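The values are calculated or read from the model by the stated rules, or taken from the named source; none is laboratory data. Everything numeric in this text was worked out from a predicted model, so none of it was measured. For neighbour counting, all protein chains shown are included, and Cβ atoms are generated from backbone atoms with ideal geometry for every residue, glycine included.
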Amino acid sequence: MPFRPIILLLALVGGVFAQERGPRASTRQILSGCAAFAPDGTSAAVSVWADALVLEITEPSGKLTHLSRPLRYPVTPGKPTASASPTCKNYFDRNSGLVAVGIGKRFVEDQLEVAVADLKTLTWIGDWGIGLESGFHPSLAGFLEETTSIAVTGEPVSKDGRGYEHGSYATLLFDPTGKQLMPTAQTRRVYAHEIDLYPTYADPRHNRLWVFQCTVLSAPWNRQPLCPIDSMTLTGTQHVFAEFTPSVQGKKRTDLWFHPGSFAVPDSSTVLIAEGTMLWRVDLQTQAVDRLMFPIHAHYPYSEGVRGASTISPDGQVVAVPLTLDELAFPYLVDNYVYRGTDIAVVQVRPLQPLGILKHERASDPVAFAIDHRQGKAAVLVYRKDGWERREFDAAPKP
């Protein structure tokens, strides 16, 4: 069943915002969005405006609740661009009792607002801001393992106070009210020399920082070095694990990834890696690799491939991967590409097989989606054409 269009939501909460901030009509443009599913099937969809956010909570029974609040760091109307619009992330804790929302202003001021809602009382219980005074570029990463501790992570600020300290990673933990749980200093991890630009992925759910040791040489693709996977504990005592060392034995170099475009962790012994038109499932215990080519239909002057964060269902059985479609614009020069939309590939993890592709159908930005899996169905909650809607796909039985 499609979710209620966001335009109806404005009528419900418009009076509240008028009292709090007196916004102008120009502030009603939705700039960003994000969504998530809880283990019990509850969904949370966030719509970010220039001066406020709206959290739309749908319980398994179908009950719909809207929570809204002014933004701590409002966006000047008309100022945001594609590279400077607010970022949006949201996560549920393992017990489906809390949802944390992170609204960032990366590329502008590196300010992050974190707001936490209690799903039992349907009220906000926490709201706080984090900036460069923390010593790193902050981003909401999610809840730590089975706890209600909220992890904020990012690369440390460089010595000149402007850029990034490559090769290092920082983590701060907060309780749901915003109280810092490590008052002395953040946890620091050093995973590479400063000159190395290895892809990294924070995974609080499994207390891991995943590191891809991908080095690109000035050589043809079939002669590029392999890209091993390491991990280390995100918080607590540092432990480093050599998770996977790829081998071309029986394969071509081009059968493996070069520089991951997306990453997801279904469980503690499985990782998913997407790049270009391929998806790999790596079993860290057996060191086995399975791969799947996305069933895309791009052709010249179009190209389609993975770009952006993937999302995994709470049970780890289904993944949704963004496939960005670009068109080579006239006069058809190299790198003269124009964005044409984002499809969403829905893939079952075991067995590794496609369940379908949700076409963009000229949907407007932002690109925001989440995925759930239960009772033989994969459900995608997606922002499309000024509202949130739900699409379902049949999942195959496990082998």
Sort out which residues of region 293-327 are of a type in the set (A, V, I, L, M, F, W, C), part of a strand (DSSP E or B) and within 20 Å of Lys359 (Cβ to Cβ), and write them in order of number. Met293, Val306, Val318, Val319, Ala320, Val321, Leu323, Leu325
Take the conditions of a type outside the set (Lys, Arg) and modelled with pLDDT of 90 or more and apply them to Ser139. Does it pass? yes
Is it the case that Leu256 is surrounded by 18 or more Cβ atoms within 10 Å (Cβ to Cβ), touching a residue at least 24 places away in the same chain (Cβ under 8 Å), in contact with a Pro (Cβ under 9 Å, 6 or more places away or on another chain) and more than 26 Å from Thr153 (Cα to Cα)? yes
Within region 155-203, residues being farther than 17 Å from Leu112 by Cβ, exposed (fewer than 14 other Cβ atoms within 10 Å of the Cβ), at pLDDT below 80 and among the aliphatic types (A, V, I, L, M) number 2
Name the residues in region 202-231 that are within 30 Å of Leu181 (Cα to Cα) and touching a helix residue (DSSP H, G or I) at 6+ places or on another chain (Cβ under 9 Å), would you? Ser231
Which of the residues spanning region 232-278 are closer than 18 Å to Met293 by Cβ and touching a helix residue (DSSP H, G or I) at 6+ places or on another chain (Cβ under 6 Å)? Arg253, Thr254
In region 227-253, anything of a type in the set (A, V, I, L, M) and surrounded by 15 or more Cβ atoms within 10 Å (Cβ to Cβ) is listed as Ile229, Met232, Leu234
When (1) aliphatic (A, V, I, L, M); (2) surrounded by 14 or more Cβ atoms within 10 Å (Cβ to Cβ); (3) more than 27 Å from Ser43 (Cα to Cα) are applied to Val271, the one that fails is (3)
If Gly167 passes every condition in (1) in contact with a Lys or Arg (Cβ under 9 Å, 6 or more places away or on another chain); (2) under 18 Å from Leu234 (Cβ atoms); (3) not hydroxyl-bearing (Ser, Thr, Tyr) but one, which one does it miss? (1)
Just give me the residues in region 316-344 being buried (at least 18 other Cβ atoms within 10 Å of the Cβ) and either at positive phi or touching a residue at least 60 places away in the same chain (Cβ under 8 Å) (or both), in sequence order. Gly316, Gln317, Val318, Ala320, Pro322, Gly341
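Residue by residue, here is whether (1) under 24 Å from Pro314 (Cβ atoms); (2) out of contact with any Gly (no Cβ under 6 Å at 6 or more places or on another chain); (3) touching a residue at least 60 places away in the same chain (Cβ under 8 Å) holds:
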| site | (1), (2), (3) |
| --- | --- |
| Gly178 | no, no, yes |
| Met182 | no, yes, no |
| Gln186 | no, yes, no |
| Ala192 | no, no, no |
| Asp203 | yes, yes, yes |
| Pro220 | no, yes, no |
Scan region 1-35 for residues that are touching a Ser or Thr at 6+ places or on another chain (Cβ under 7 Å), modelled with pLDDT of 50 or more and either closer than 24 Å to Asp372 by Cα or not β-branched (Val, Ile, Thr) (or both) and jot them down. Leu31, Ser32, Gly33, Ala35
Ser139: passes all of (1) within 16 Å of Arg208 (Cα to Cα); (2) touching a Pro at 6+ places or on another chain (Cβ under 9 Å) but (2)
Here is a check on your reading of the model: is Arg253 of a type outside the set (Phe, Trp, Tyr) and at pLDDT 95 or above? no
